[in-house]
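The values are calculated or read from the model by the stated rules, or taken from the named source; none is laboratory data. The structure displayed is predicted, hence computed values, not measured ones. No Cβ is skipped: glycine too gets one built from the backbone with ideal geometry, and neighbour counts run over all protein chains shown. Side chains included, ligands, DNA and RNA excluded: accessible areas come from the protein's heavy atoms. Shrake-Rupley method; radii C 1.70, N 1.55, O 1.52, S 1.80 Å.
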Amino acid sequence: TREGSKLVTLDGKLVVPEGTLFQQFLEWCHKLPDREPPTWLGLPSNAENLLLTQRGNMLVQKILQLKALNDDVDEIAYDPTATAEFDQRSDEPKAAGAEKAELPTYMRQIHVMCTTWLNMLPTELPELHGLSGLPSASAANTNDPISRVFEREYTITRSLLATVRDDLAQVQRVCRNEQKQTNHLRSLLTHLNAGKIPPSWLETYTVPKDFTIAKWVMDFADRLDQIQRVTNQVTPGVSAKDVIRREGIWLGGLVFPEAFITATRQEAAKSLGTSLEELELAVKFAPLNGDGAGGNEFSLCRLRLEGARLRPGSEGEIIPLSEGGGEKLDAITLYWDRMPGSNAINGSLITLPVYLNSDRKDLLFSARVPVFAADAATPTSLVCKEATQRAIAIVAA
């Protein structure tokens, strides 16, 4: 900050030049300090640190992947049960004429990892009422958009589970020298050895770019837990919609989250007796009251608010954060309401984007949320502008 030139105020804000000629503006630009903080662009003061932190995390992940390629099997903490099983199979007498070539170290590592991942994943999903000849929750189940979306999620997730388990089992047999390699199995071995996700597994749903195979398996196990939780409660008298409305849903754990949002809109239009075009989406940062009997409210869980925090003791208003950061959201309420008339004005509402994951590449929807200033003297219009500059958003996964 240059005290005599009056280019920057004490709080770090730029001072508008007093000249009116182009040359005066040019001289003003040349006199600016060499260091230009991100606050001049409306970004948090620690924006550069956040960017460097993100790059550092990516570098650490790449180093770990490279280290996994060179580590000896004895330097890795394997599952003792899986290692013993592998050693027992390796010590079994081979058939006459069989080659006694020792398997590479990386195959021993992959075998143990496959055993661990198979233990994390369920063998199969329970049967869902309404499919495979089982009775549905109601005769009019086909008119329930939320149940139809869940049945689609169930079918696709169940198919992916069978594919993943079959691939891991075949890789194990290859590592034990019990099955010959194919092009598909060679590709699986290459990706698993490098800590990468096989392309055939990535075709079903989108994950962050920095996901490793270990993170993907843990994330997939969480998705399966959600499917199992809902499926186990669906009975001939209770539909998937009833379970989801009562207990909420992890939006980021769905294969097609956009389809679920569309289904909630259809359900809300039916409940409110209006057309789809007249509905507007909004979010309340508070748990759903009751079981959502109104039909236009739905509970979401395991989200994250980035660039802001919730106002303490409020009904869910947010306060923009100048230093970035965010806050985990255990449960929020998603609801559809009729669009306000042209004369309805509420300056404390802003529209926040809801992204699929932290990459912010897949926009799911945008919703209205109330915003509040940390300082009571700050005008509401300025708070809304600041919320936009801080790139406040909600992340579903």
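Please verify whether GLU267 is in contact with a strand residue (DSSP E or B) (Cβ under 9 Å, 6 or more places away or on another chain), modelled with pLDDT of 90 or more and surrounded by fewer than 16 Cβ atoms within 10 Å (Cβ to Cβ), treating the condition exactly as stated.
On the way: in contact with a strand residue (DSSP E or B) (Cβ under 9 Å, 6 or more places away or on another chain): yes; modelled with pLDDT of 90 or more: yes; surrounded by fewer than 16 Cβ atoms within 10 Å (Cβ to Cβ): no.
So GLU267 does not fit the description; no.
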Can you list residue pairs whose Cβ atoms sit under 8 Å apart, with the first residue in the range 272-285 being more than 19 Å from PRO353 (Cα to Cα) and free of Cβ contacts under 8 Å to residues at least 12 places away in the same chain and the second being open to solvent by less than 70 Å² (accessible area, probe 1.4 Å) and assigned to a helix (DSSP H, G or I)? Count only pairs 6 or more apart in sequence or on different chains.
SER275/ALA269; LEU276/ALA269
Among helices (runs of 4 or more DSSP H) entirely within the range 3-90, at least 3 residues that are surrounded by 11 or more Cβ atoms within 10 Å (Cβ to Cβ) and modelled with pLDDT of 65 or more occur in 22-30, 47-70
Look at the range 323-365 and say how many of its residues are at pLDDT 85 or above and either among the hydrophobic types (A, V, I, L, M, F, W, C) or assigned to a loop (DSSP other than H, G, I, E, B) (or both).
17
Inspect the range 191-205 for any residue being among the polar types (S, T, N, Q) and within 18 Å of GLY253 (Cβ to Cβ) and give the result as yes or no.
yes
Taking the range 232-249 and keeping residues without any contact (Cβ under 8 Å) to a residue 60 or more places away in the chain and open to solvent by less than 10 Å² (accessible area, probe 1.4 Å) leaves VAL243, ILE249
Tell me yes or no: at least one residue of the range 270-289 is in a helix (DSSP H, G or I) and touching a Phe, Trp or Tyr at 6+ places or on another chain (Cβ under 7 Å).
no
The one condition ALA293 fails out of (1) under 26 Å from LYS361 (Cβ atoms); (2) among the small types (Gly, Ala, Ser); (3) at pLDDT below 90 is (1)
Subset of the range 176-215 [among the hydrophobic types (A, V, I, L, M, F, W, C), over 14 Å from CYS114 (Cα atoms) and either touching a strand residue (DSSP E or B) at 6+ places or on another chain (Cβ under 8 Å) or modelled with pLDDT of 90 or more (or both)]:
TRP201, LEU202, VAL207
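Every residue in the range 188-198 that is open to solvent by 30 Å² or more (accessible area, probe 1.4 Å) and touching a Ser or Thr at 6+ places or on another chain (Cβ under 8 Å), please. Working first, answer last.
Let us first name the residues in the range 188-198 that are open to solvent by 30 Å² or more (accessible area, probe 1.4 Å), namely 190-191, 193, 196.
LYS196 - this is the single residue of the range 188-198 that is open to solvent by 30 Å² or more (accessible area, probe 1.4 Å) and touching a Ser or Thr at 6+ places or on another chain (Cβ under 8 Å).
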Do we find that VAL255 is open to solvent by less than 30 Å² (accessible area, probe 1.4 Å) and either in a loop (DSSP other than H, G, I, E, B) or without any contact (Cβ under 8 Å) to a residue 12 or more places away in the chain (or both) in this structure?
yes
Between a residue in the range 379-397 that is modelled with pLDDT under 75 and any residue that is in a loop (DSSP other than H, G, I, E, B) and among the hydroxyl-bearing types (Ser, Thr, Tyr), which pairs come within a Cβ distance under 9 Å, given they are 6 or more apart or on different chains?
THR380/SER348; VAL383/SER348; CYS384/SER348; GLU386/SER322; GLU386/THR378
